[in-house]
Amino acid sequence: MEPLTDKQIRASFVNCTRGDAARMKLPLDFAELPWEDLDFLGWVDPGAPLRAHLVVPRPEGLVGVTLRVPAVGRTSAVKSSICRVCLTGHASSGVALLAAPLAGARGREGNTVGTYICADLACPLYVRGKRQPKLRGPRHEESLTLDEQIARMTDNLNAFVDRVTAG
């Protein structure tokens, strides 16, 4: 992914107001992001930990999506979970159900779509082996090449973004 500017990121959002986009905090490590290892930018807002953001490069340009992070509640009986974007297995706290308001009028009415995704939104780093999930037991071995895994992750993320923008 090409490095992005603050202005590009804030202008890309399709499911929040311009004011919300202006108020969001960028990742704390924004100046040191490993852009060469990212296929999309994802982060939990350091100023509002119940919000997360994705910025996805697409043929029509950047598409930014704001997500709601679930509040920390009772612990789940589930021992592990799988991200629906990158298919990385995590301990139960490593995957969260993030909900995105739909773009447009339906989103303003409160309609959302959700997906289970890596809680830290670091899917590209997990796929590339740059970050390791906390798991019990060995990590699932893939038969796909790295390029095929990246393509699958991108397709899965684009399918979610399509659901948000179809609002």
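Where a number appears in this text, it was derived from the coordinates with a stated rule and is not lab data. Being a predicted model, the structure only gives us computed values, none of them experimental. Counting neighbours? That spans all protein chains shown, and the Cβs are built from the backbone with ideal geometry, glycine included.
Summary table
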read-out	value
Mean residue ellipticity (222 nm) of the chain, computed from DSSP H runs ≥ 4 via -39,500 (n - 2.57), nearest 500	-6500 deg cm²/dmol
Relative contact order for the stretch 6-165, counting Cα pairs under 8 Å that sit 6 or more residues apart, in percent	22 percent
By average C-beta atoms within 10 angstrom, highest first, the peptides 87-99, 105-117	87-99, 105-117
Inter-label distance, nm, simple model (7 Å from Cα along the C-beta direction), Lys134/Asp37	1.9 nm
Coarse-grained scattering of the chain at q = 0.10, 0.16, 0.17 Å⁻¹, given as base-10 log I(q)/I(0) from a Debye sum over alpha-carbon atoms	-0.36, -0.95, -1.08
Net length gained if the chain between Ser80 and Ala99 were fully extended (0.36 nm per residue, minus Cα distance)	4.8 nm
Cβ-derived FRET efficiency at R0 35 Å, Ala71 paired with Ala151, nearest 0.05	0.55
Under 5 Å, built H, 5+ apart or other chain: amide partners of Phe13	Gly64
Long-range amide H partners of Val113 with built H, under 5 Å	Ala100, Leu102
